[in-house]
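Let me begin by presenting the structure, written as structure tokens, before commenting on it.
Here, each number is a calculation from the coordinates, and none is a lab measurement. All values derive from a computational prediction rather than experimental measurement. Quick reminder, even Gly has a Cβ in these numbers, built from the backbone with ideal geometry, and neighbours come from all protein chains shown.
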């Protein structure tokens with residue numbers, strides 16, 4: 001089996017070199033792009049298995065690049081950022097990033113986060129025997145085509161939005177904690193911000209609920225987590 005190919009998009013050469021070194025030591029194949037435009041060109045030649053990118057990039061900024069990547073692929077994305085404001089992290093997650101790391105960071109921690117997402121990808125297949133379409137009033141979820149239909153119209157979900165929705169809908173009324181959702185959907189709760197779950201639940205509500213401010217499907221169980229109401 002060939003090594004996973006990771007594209008690192010970072011304009012600070014010293015950071016890019018250190019990240020590349022640690023990833024290679026972990027057994028990954030690494031390609032470095034020094035700006036967003038170069039990353040686009042590399043991506044169009046060969047789609048990577050993983051992307052690590054800085055938010056502050058020349059030519060094309062990290063948020064714009066994340067949106068561009070998401071329009072073309074479900075490739076996992078981890079953002080690197082020197083900015084600590086919550087709004088920046090949320091914006092990246094809203095664009096479809098899987099996780100973020102704030103500079104300065106431990107290269108080994110970054111490798112661990114990559115591995116956590118890889119584990120999630122390894123378990124992404126739906127459990128055998130449960131690959132059935134789930135149907136509810138005005139909502140159907142097909143795990144084979146990964147199509148969600150709300151009031152007769154297809155709704156476009158990201159890979160993780162679909163995985164979370166299908167997991168919750170497969171276990172109606174069962175309450176999942178944030179940590180359980182991080183483990184089941186992302187492959188590990190140790191290195192991923194629990195706020196990621198909150199962001200994805202909000203985005204799902206905007207797509208499947210008649211009134212996202214008064215959800216009828218994805219319910220919050222205060223102090224515990226979330227559940228799906230069939």
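If I take every Cα pair under 8 Å that is 6 or more residues apart in the chain, average their sequence separation and divide by the length, what percent do I get for the relative contact order?
Relative contact order for the chain comes out at 14 percent.
For the stretch 5-122, state the average projected area of the convex hull of the C-alpha atoms over all orientations, rounded to one decimal in nm².
Spelled out: convex hull of the Cα atoms, projected over all directions, averaged, 6.4 nm².
Arrange the peptides 176-186, 67-77, 142-152 so that the one whose residues have, on average, the most other Cβ atoms within 10 Å appears first.
Highest-to-lowest ranking by the protection proxy: 176-186, 67-77, 142-152.
Listed highest first by mean packing, meaning other Cβ atoms within 10 Å per residue, what order do 156-165, 28-37, 221-230 come in?
Final packing ranking: 156-165, 28-37, 221-230.
At a Förster distance of 41 Å, what's the computed FRET efficiency of residue 109 paired with residue 135, Cβ-Cβ distance as r, to 0.05?
Plugging the Cβ-Cβ distance into 1/(1 + (r/R0)^6) gives 0.45.
Restricting to bridges with both residues inside the chain, how much of the DSSP beta-bridge set is antiparallel, in percent to the nearest 5?
50
Over the stretch 134-228, what is the relative contact order in percent, taking alpha-carbon pairs closer than 8 angstrom and at least six residues apart?
About 26 percent, as a whole number.
Using alpha-carbon positions, what is the distance between the centroids of the stretch 59-106 and the stretch 1-31, in Å?
17
What 222 nm value per residue comes from the helices of the chain, counting each DSSP H run with n ≥ 4 as -39,500 (n - 2.57) and dividing by all residues, nearest 500 deg cm²/dmol?
After summing the helix terms and dividing by the residues of the chain, the value is -11500 deg cm²/dmol.
What is the stretch 5-122's relative contact order, in percent, from Cα pairs under 8 angstrom and six or more apart in sequence?
Relative contact order, the stretch 5-122: 23 percent.
At residue 44 and residue 11, where each label point lies 7 Å from the Cα along Cα→Cβ, what is the point-to-point distance in nanometres?
2.1
Using a Gaussian network for the chain with springs between C-alpha atoms less than 10 Å apart, which of these wobbles most: 155, 51, 197?
Looking only at 155, 51, 197, the biggest GNM fluctuation is shown by 155.
Quote the FRET efficiency, to the nearest 0.05, computed for residue 56 versus residue 179 with a Förster distance R0 of 41 Å and r equal to the Cβ-Cβ distance.
Efficiency, rounded to the nearest 0.05: 0.85.
So what are the stretch 134-228's ellipsoid semi-axes, whole angstrom, largest first, if each one is the square root of 5 times an eigenvalue of the alpha-carbon gyration tensor?
Working through the eigenvalues yields semi-axes of 21, 15, 12 Å.
At 10 °C and 1.306 mPa s, grab the translational diffusion coefficient of the chain from Stokes-Einstein with a Kirkwood Rh over Cα pairs, rounded to a whole number in µm² per second.
The diffusion coefficient I find is 86 µm²/s.
Relative to the longest principal Cα axis of the chain, at what angle does helix 195-208 sit, 0 to 90 degrees, rounded to 10?
Value to nearest ten degrees: 50.
Helix 36-45 against the longest principal axis of the chain: what's the angle in degrees, Cα atoms only, rounded to the nearest 10?
Roughly 70 degrees, rounded to the nearest 10.
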